[in-house]
1. Take the conditions of a type in the set (A, V, I, L, M, F, W, C) and either surrounded by fewer than 19 Cβ atoms within 10 Å (Cβ to Cβ) or out of contact with any Gly (no Cβ under 8 Å at 6 or more places or on another chain) (or both) and apply them to Leu188. Does it pass?
2. Of all residues in segment 58-105, which are of a type outside the set (Gly, Ala, Ser), more than 29 Å from Lys138 (Cβ to Cβ) and in contact (Cβ under 8 Å) with a residue 24 or more places away in the chain?
3. Name the single residue that is surrounded by the fewest Cβ atoms within 10 Å (Cβ to Cβ) among those in segment 191-226 being among the small types (Gly, Ala, Ser) and under 22 Å from Ile67 (Cβ atoms).
4. Can you tell me how many residues within segment 1-48 are closer than 26 Å to Leu191 by Cβ and charged (D, E, K, R)?
5. For segment 101-118, enumerate the residues that are more than 22 Å from Gly149 (Cα to Cα) and in a loop (DSSP other than H, G, I, E, B).
6. Give Leu146, Leu160, Leu188 a once-over and let me know the one that is over 23 Å from Ile57 (Cβ atoms), in contact (Cβ under 8 Å) with a residue 40 or more places away in the chain and either aliphatic (A, V, I, L, M) or in contact with a Phe, Trp or Tyr (Cβ under 8 Å, 6 or more places away or on another chain) (or both).
7. With respect to Gly89, is the statement that it is within 18 Å of the chain's Cα centre (by Cα), more than 13 Å from ligand 2 (Cβ to nearest atom), in a strand (DSSP E or B) and closer than 21 Å to Asn162 by Cα true?
Amino acid sequence: MSNQIQIQQLEKVYRTGKLEFHALKGIDLTFKKGELVAIVGPSGSGKSTILNMITGIDRPTKGIVSINGVRIDKLPEDKLAKWRGKNIGIVFQFFQLFPTLTALENAMLPMDFAHHGSYKERRRKAIENLTLVGLGDKLNNLPSELSGGEQQRVAIARALANDPDIIIGDEPTGNLDSKTEAQMFELLKKLNKRGKTIIYVTHSQALAAKANRRIMILDGHVVNNT
Ligand SMILES: Nc1ncnc2c1ncn2[C@@H]1O[C@H](COP(=O)(O)OP(=O)(O)O)[C@@H](O)[C@H]1O
Ligand SMILES: [Mg+2]
């Protein structure tokens, strides 16, 4: 199978005033469609920086990020935001739901931004996604009325809004207990079986062990990839 994500000679230098920090020092990585991959490594090693280059949240200093044949490092900002909305679903450690919106409204939000379909159609798809993650009976709950695991399920339903090929998680279970983490993995596995590429950063050995491949980052380098 051909590579869905191709990263070549990727470098990222953060500049803070006159100080430069080399967060990524020449990363080469490829991901095939339908892979399930964990990224591991100590705090500050550059894991989130790699994810931010894949999602286009931030731009590389040097190197290539090509996804489904698109050079996202070269896309202008407006096109990049649109591309991301359609192609990538992102899940964060602290869920990042809107506290004043219900589960359903949170799950609809990316569709609202992308102007996909009628309101009725968007609502139907959001309900379908919330049902898929096991929250069909909590559509009208606010985040504060949901457990941590349930909030992360809403975030996953939201990530599925525009049916992206790729789901990225930055420590998606970092704020959950081990039992909820295992349930979250089952959900990611289910999405993976439906053909989605899943890439997550984790500090959990249990979660890393469940992936089909582990990439270890140390000090801005890939030191292991098996
Ligand atoms: N916006 C930024 N400005 C300056 N330095 C940053 C910025 N973001 C991250 N860094 C630094 O880059 C390094 C890698 O960060 P990060 O990718 O977040 O690490 P990880 O996710 O592996 O913990 C860290 O030393 C961090 O302090
Ligand atoms: Mg991080």
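The values are calculated or read from the model by the stated rules, or taken from the named source; none is laboratory data. Owing to the predicted nature of the structure, the values given are computational and were not obtained by experimental measurement. Don't worry about glycine lacking a Cβ; one is built from the backbone with ideal geometry, like all the others, and counts go over all protein chains shown.
1. Details: of a type in the set (A, V, I, L, M, F, W, C): yes; either surrounded by fewer than 19 Cβ atoms within 10 Å (Cβ to Cβ) or out of contact with any Gly (no Cβ under 8 Å at 6 or more places or on another chain) (or both): no.
It is false that Leu188 is of a type in the set (A, V, I, L, M, F, W, C) and either surrounded by fewer than 19 Cβ atoms within 10 Å (Cβ to Cβ) or out of contact with any Gly (no Cβ under 8 Å at 6 or more places or on another chain) (or both).
2. Of all residues in segment 58-105, those of a type outside the set (Gly, Ala, Ser) come to 58-62, 64-65, 67-68, 70-80, 82-84, 86-88, 90-102, 104-105.
Applying the additional criterion that residues be more than 29 Å from Lys138 (Cβ to Cβ) yields 58-62, 64-65, 67-68, 70-80, 82-83.
Asp58, Pro60, Thr61, Lys62, Ile64, Val65, Ile67, Asn68, Leu80, Lys82, Trp83, listed by residue number.
3. Looking only at segment 191-226, we keep the residues that are among the small types (Gly, Ala, Ser), and these are 195, 204, 206, 208-209, 211, 220.
Checking the rest, the ones that are also under 22 Å from Ile67 (Cβ atoms) come to 195, 211, 220.
Values: Gly195: 9, Ala211: 22, Gly220: 22.
So the residue we want is Gly195.
4. Qualifying residue count for the region: 4.
5. Start the filter on segment 101-118 by keeping residues that are more than 22 Å from Gly149 (Cα to Cα), which leaves 111-118.
Residues satisfying the conditions are His115, His116, Gly117, Ser118.
6. Details: Leu160 fails: over 23 Å from Ile57 (Cβ atoms); Leu188 fails: over 23 Å from Ile57 (Cβ atoms).
Being over 23 Å from Ile57 (Cβ atoms), in contact (Cβ under 8 Å) with a residue 40 or more places away in the chain and either aliphatic (A, V, I, L, M) or in contact with a Phe, Trp or Tyr (Cβ under 8 Å, 6 or more places away or on another chain) (or both) holds for just one of Leu146, Leu160, Leu188, which is Leu146.
7. So Gly89 passes the test.
Every residue, every condition in (1) assigned to a helix (DSSP H, G or I); (2) in contact with a helix residue (DSSP H, G or I) (Cβ under 6 Å, 6 or more places away or on another chain), yes or no:
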residue: Gln96; (1), (2): no, no
residue: Pro99; (1), (2): no, yes
residue: Lys120; (1), (2): yes, no
residue: Lys125; (1), (2): yes, no
residue: Asn129; (1), (2): yes, yes
residue: Asn141; (1), (2): no, yes
residue: Ser144; (1), (2): yes, no
